[in-house]
Amino acid sequence: MKGYFYITTPIYYVNARPHLGHVYTTVIADVMTRYHRLLGEDVFFLTGTDEHGDKIVETARGLGTTAKALADENSGRFRALWPELEVENSRFIRTTEPDHVRVVQAILQDVYDKGDIYFGEYGGHYCIGCERFFTETEIVDGKCPIHDKELTFRQEQNYFFKMEKYRPWLIDHINGNPDFVRPERYRNEVLGMLREPLDDLCISRPKSRLTWGIELPFDHDYVCYVWFDALINYLTGIGYPDGERFGDYWGAAQHIVGKDILKPHAVYWPTMLKATGIDPYRNLNVHGFWNVDQAKMSKSLGNVVDPLELKNTYGVDAFRYFLVREMVFGLDSNFSEEALIERYNADLANDLGNLVSRSTKMVSRYFDGVLPDGRETATEDDREVRDTALRVVKEYQGRMESFELHTAMMSVWSLISVLNKYIDKSAPWTLAKNDPERLRTVMYHMMEGVRFVAELICPVMPATSRRILEALGRGGMVQALDTFGALAPGVKIEAQEALFPRVERMKKVDEAPAQPPAKPKKEKAKAKEMEEVNLIDIADFARCRLKAGRIVEAAKVEKSDKLVVLKVDVGTTVQIAAGIGASYAPEELVGKYIAVVTNLKPARLMGIESAGMLLATDAPDGRLALVSFDREPVVGARIR
Ligand code: MSP
């Protein structure tokens, strides 16, 4: 029987441009899509934009534009981004499209006719950022726990969906299908939400307050609540109710969402489906949040990571690999460009890149680029290569099925490590002199191992996988992961240069020479001229994390005229040793807002740990002048 796989991302709000969080969810969905396509399954991958509701209207008003114009612009940005990241979605849906409006109205009418929608009055605390009411138990210090913002109290007459009615059914369903919501921590969280009676879901907004939405078919004075509208996209996208696709794919539906939208997907959505008479989706896969430099990513902090910039600097495959490998699926993760560079150099330039270039070059050197026949496994080491490859395939498949993508990557890298060690231990350069028979076996096992690696990385790094497979003469061939020995002896192997050239790390402060060596006059003038024309790429500047900070403590360092030790609030408190003691008294410094470079490697100056650098320039009186701001900045905000 043909296997089907249906995968969705949340549809993204069009009040902002795409950022790292959106990219993560979408890349993961693409990885799963490619993986299931390789298994020979029929895959449908849906993503798109969520365009109605208060939040969009409010943002558009602030920008002096219309909701429609804002939606068109930002929806276009999302749509254009995906091909840049090698994301191959089957459809890009917009909730303003006519087929979606029809489906939402049909479902509203159906649930209304069944008696599960009633008219009533409700007062509650609303977060526009989340576009939902929060219950007393969810509210933290009077604020939205996700946006940390004051909630708005709203009381109005509206239509309600009888969500509470389906609570016992949902509890049973979750208990009977333990991986319905996964990883387990989120399943437990949902069961926690279901312990107390649920408020019925307010599913309308009066047109007197909001018109940007889908009109209720049974009351023209109201539009549909944005979440009720948005969730239904998962049905519209595959042609509900009559489309053939719906019949094929719905039973295999997998949603991917971030932890902030757990409740709408794990509580509202299954109960809405139940009321409509549609089976629940198969799994809800919930991931954690990316923080940036240990802080929550937010516009006001100015630390929103631009995915295109990263892709342009490091390449699409390296960026995708980093996202998949770095985040433990389900937990929060910290993003820093340093971490990306470290992974790039260690896993890609070193482990994978070296393996591919050294192995293909050896076949070139010792066998004129023609793969010798060495399929017989002769020694314990050969067997280890073969058995590891076959074992890793199983392990990898199990992990991919259960959405443990980061450990699936670890499996592949365990094979890469075995292959690199195999080469080192077998020393082909010695065999080339004294044991041609053994050399053939080693070359064959090595290249066949590389083929397994190339096939296994395909969902995450499609271009790199293609390139390696083409070098092995297997471009466009079907996968063969159940047989060690599928690579045909006699094929031409193309020698490969570095797939991932190493990326220079940012210089440590203590690596920089304290005083540049004195230069002869002529050279000095030349250097000055060079400095003036030494243009840098925007990406070089982007590596530098500059933030607004506030000095909270300052003290002189004993035995030093110049050095002061500062505690600076840059969102978190960091200690900085700065050479400004001859220009400022410590007490003068406390309370000053300054510009700080926050991503320098820590250094020790006169035994004092320093985790950043402040910016200063020369004043006419020969002292230093701190770089500051012309009005009070948000502490921790990125300077850009
Ligand atoms: N429009 C709703 C979803 C409706 S689905 C029927 C929405 N949109 S969103 O644009 O705000 O967010 C979409 C996704 O991005 C969510 O899964 C959210 O968790 C994810 N992320 C937003 N910021 C994130 C991080 N910093 N890190 C990881 N993912 C995060 O919610």
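The values are calculated or read from the model by the stated rules, or taken from the named source; none is laboratory data. Just so you know, these numbers come straight off a predicted model, no measurement behind them. Here the Cβ is made from the backbone with ideal geometry for all residues, glycine too, and neighbour counts use every protein chain on show.
Before moving on, here are some points about what is shown:
Yes or no, residue by residue, for (1) surrounded by fewer than 17 Cβ atoms within 10 Å (Cβ to Cβ); (2) aliphatic (A, V, I, L, M); (3) out of contact with any Phe, Trp or Tyr (no Cβ under 6 Å at 6 or more places or on another chain):
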{"site": "Thr26", "(1), (2), (3)": "no, no, yes"}
{"site": "Val31", "(1), (2), (3)": "no, yes, yes"}
{"site": "Lys55", "(1), (2), (3)": "no, no, yes"}
{"site": "Thr65", "(1), (2), (3)": "yes, no, yes"}
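- Of all residues in region 262-285, those satisfying the criterion of being surrounded by 18 or more Cβ atoms within 10 Å (Cβ to Cβ) and either more than 18 Å from Ile171 (Cβ to Cβ) or polar (S, T, N, Q) (or both) are Thr271, Thr276, Asn283, Asn285.
- Per the listing Arg386, Arg391, the residue uniquely among the charged types (D, E, K, R), touching a Phe, Trp or Tyr at 6+ places or on another chain (Cβ under 6 Å) and closer than 26 Å to Met443 by Cβ is Arg386.
- Qualifying residue in region 231-240 (condition: in contact with a helix residue (DSSP H, G or I) (Cβ under 6 Å, 6 or more places away or on another chain), within 14 Å of the ligand (Cβ to nearest atom), closer than 24 Å to Trp169 by Cα and not in a helix (DSSP H, G or I)): yes
- Yes/no for Ile278 being of a type outside the set (Gly, Ala, Ser) and within 15 Å of the ligand (Cβ to nearest atom): no
- Hey, Thr95 near the ligand (Cβ under 10 Å from one of its atoms), under 23 Å from Tyr281 (Cα atoms), within 20 Å of the chain's Cα centre (by Cα) and crowded, with 22+ Cβ neighbours inside 10 Å or not: no
- Residue in region 37-59 that is modelled with the highest pLDDT, counting only those that are more than 15 Å from the ligand (Cβ to nearest atom) and in a helix (DSSP H, G or I): Arg37
- Per-region count, region 315-366, residues modelled with pLDDT of 95 or more, surrounded by fewer than 18 Cβ atoms within 10 Å (Cβ to Cβ), touching a helix residue (DSSP H, G or I) at 6+ places or on another chain (Cβ under 7 Å) and among the hydrophobic types (A, V, I, L, M, F, W, C): 1
- In region 389-407, the residue that is nearest to Ala346 (Cα to Cα) out of those that are in contact (Cβ under 8 Å) with a residue 60 or more places away in the chain and in a helix (DSSP H, G or I) is His406.
- Search result, residues across region 122-142 that are among the charged types (D, E, K, R) and within 27 Å of the chain's Cα centre (by Cα): Glu131, Arg132, Glu138
- Some residue of region 76-88 being more than 19 Å from the chain's Cα centre (by Cα) and closer than 29 Å to His147 by Cβ: yes
- Of note, Phe289 does not satisfy the criterion of being in the same structural domain as Lys114 (by TED's automatic domain parsing), aromatic (Phe, Trp, Tyr) and free of Cβ contacts under 8 Å to residues at least 24 places away in the same chain.
- Close contacts from region 219-232, counting a first residue that is among the acidic types (Asp, Glu) and a second that is within 13 Å of the ligand (Cβ to nearest atom), with Cβ to Cβ under 7 Å and a gap of 6+ residues or different chains, come to Asp229/His52; Asp229/Thr95; Asp229/Val104.
- Residue in region 257-269 that is at pLDDT below 95, within 30 Å of Lys68 (Cα to Cα) and basic (Lys, Arg) present: no
- Within region 122-142, residues that are in the same structural domain as Val226 (by TED's automatic domain parsing) and more than 15 Å from the ligand (Cβ to nearest atom) have Cβ atoms under 8 Å from residues that are of a type in the set (Val, Ile, Thr) and part of a strand (DSSP E or B) in these pairs: His125/Thr152; Tyr126/Thr152, counting only partners at least 6 apart in sequence or on another chain.
- Count of residues meeting criterion [in a loop (DSSP other than H, G, I, E, B) and either within 21 Å of Gly53 (Cα to Cα) or of a type in the set (Val, Ile, Thr) (or both)] in region 118-144: 8
- Subset of region 2-16 [away from the ligand (no atom under 14 Å from the Cβ) and either on the phi > 0 side of the Ramachandran plot or crowded, with 18+ Cβ neighbours inside 10 Å (or both)]: Tyr4, Phe5, Tyr6
- Which numbered condition Gln294 fails, given (1) of a type in the set (S, T, N, Q); (2) under 24 Å from the mean Cα position of the chain (by Cα); (3) within 12 Å of the ligand (Cβ to nearest atom): (3)
- Taking region 147-184 as the range and being assigned to a strand (DSSP E or B), among the hydrophobic types (A, V, I, L, M, F, W, C) and under 30 Å from Ser298 (Cα atoms) as the test, the residues that pass are Phe153, Val181.
Conditions (1) within 14 Å of the ligand (Cβ to nearest atom); (2) part of a loop (DSSP other than H, G, I, E, B), marked per residue:
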position: Pro18; (1), (2): yes, yes
position: Thr26; (1), (2): yes, no
position: Ala29; (1), (2): yes, no
position: Tyr35; (1), (2): no, no
position: Ala71; (1), (2): yes, no
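- Positions within region 367-398 being crowded, with 19+ Cβ neighbours inside 10 Å and within 33 Å of the chain's Cα centre (by Cα), in sequence order: Val385, Thr388, Ala389, Val392, Val393, Tyr396
- Of all residues in region 581-588, none are at pLDDT 85 or above and either in a strand (DSSP E or B) or within 30 Å of Asn334 (Cβ to Cβ) (or both).
- Any hit, region 6-13, residues being farther than 21 Å from Pro264 by Cβ and in the same structural domain as Ile93 (by TED's automatic domain parsing): no
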